[in-house]
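Reviewing the structure listed below.
The values are calculated or read from the model by the stated rules, or taken from the named source; none is laboratory data. Here the structure is a predicted model, which means the values were calculated and not measured. Please note: Cβ atoms are built from the backbone with ideal geometry, for glycine as well, and neighbour counts cover all protein chains shown. With ligands, DNA and RNA removed, areas are computed over all heavy atoms of the protein, side chains included. Shrake-Rupley method; radii C 1.70, N 1.55, O 1.52, S 1.80 Å.
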Amino acid sequence: MVTLFEINEDNFLAVRSLCVREDQRGFLDTASGILARGYAYRACRARVYGVAAGGEPVGLALVRDLDEEPACYELQQFMIDARFQNRGYGAAALRLILAQLAAERKYDGVEVCVKETDAPALRVYEKAGFTDTGYVDPDVPDCKNLIYRFD
């Protein structure tokens, strides 16, 4: 069973050791980098979720509030450790994160920016109901901006 958990001094080292495959490292930050971003973006109500399967840390995600237009939640980083990929943990964790944000409902949706060459991530997001906004960020023109709208 996949669950989300708060990262604290008891599980920090286990979370910090999580990493993706070598060929995925260009798509997102390290676990330590994601944790640091959570701290750096604290003024934007950033929160880092730990992802566990069977009580063992398997991944983490960073969500922050994006108050500029379009105002939404931004799923800025989302990773499942290489040892635990292709088991459905990412899809299950994404559903849990979306459910938490939908219950909070500060915004109408969640946005994520994904490299066009990261086909597995694009598939996970599209299966969850994310759609392409059509927007091309000039700072990252090789990325697709996807949005998930709460019903």
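A few comments on the model shown:
- Some residue of segment 127-145 being open to solvent by 20 Å² or more (accessible area, probe 1.4 Å), within 23 Å of Ala36 (Cα to Cα) and either without any contact (Cβ under 8 Å) to a residue 24 or more places away in the chain or of a type in the set (Ser, Thr, Tyr) (or both): yes
- Considering residues of segment 68-95 that are of a type in the set (Asp, Glu) and either under 15 Å from Ile147 (Cα atoms) or exposed (fewer than 15 other Cβ atoms within 10 Å of the Cβ) (or both) only, the residue modelled with the lowest pLDDT: Glu69
- Identity of the residue in segment 9-28, surrounded by 16 or more Cβ atoms within 10 Å (Cβ to Cβ) and in contact with a strand residue (DSSP E or B) (Cβ under 9 Å, 6 or more places away or on another chain), that ends up modelled with the lowest pLDDT: Phe27
- Qualifying residue in segment 42-59 (condition: in contact with a Phe, Trp or Tyr (Cβ under 6 Å, 6 or more places away or on another chain), in contact (Cβ under 8 Å) with a residue 60 or more places away in the chain and within 18 Å of Leu4 (Cα to Cα)): no
- Across segment 122-131, a minimum of one residue is classified as of a type in the set (D, E, K, R) and at pLDDT below 95.
- Here Ala53 meets the list (1) open to solvent by 60 Å² or more (accessible area, probe 1.4 Å); (2) farther than 26 Å from Gly134 by Cα almost entirely, failing just condition (1).
Listed here are the residues, each with its yes/no results for (1) under 21 Å from Gly88 (Cα atoms); (2) not small (Gly, Ala, Ser).
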residue	(1), (2)
Ala14	yes, no
Cys19	yes, yes
Gln24	yes, yes
Ala31	yes, no
Leu35	no, yes
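- Conditions (1) out of contact with any Pro (no Cβ under 6 Å at 6 or more places or on another chain); (2) in contact (Cβ under 8 Å) with a residue 40 or more places away in the chain; (3) over 27 Å from Glu104 (Cα atoms): number failed by Glu6: (3)
- Segment 96-121 - residue that is among the aliphatic types (A, V, I, L, M) and more than 12 Å from the chain's Cα centre (by Cα) and, of those, most open to solvent (accessible area, probe 1.4 Å): Ala103
- Residue check, Tyr39 more than 21 Å from Val124 (Cα to Cα) and of a type in the set (Ser, Thr, Tyr): yes
- Elements of the type helices (runs of 4 or more DSSP H) sitting completely within segment 1-108 and holding at least 3 residues that are within 21 Å of Cys143 (Cβ to Cβ): these cover 31-40, 89-104.
- Note on segment 29-50: residues that are in contact with a Leu (Cβ under 8 Å, 6 or more places away or on another chain) and open to solvent by 50 Å² or more (accessible area, probe 1.4 Å) amount to 2.
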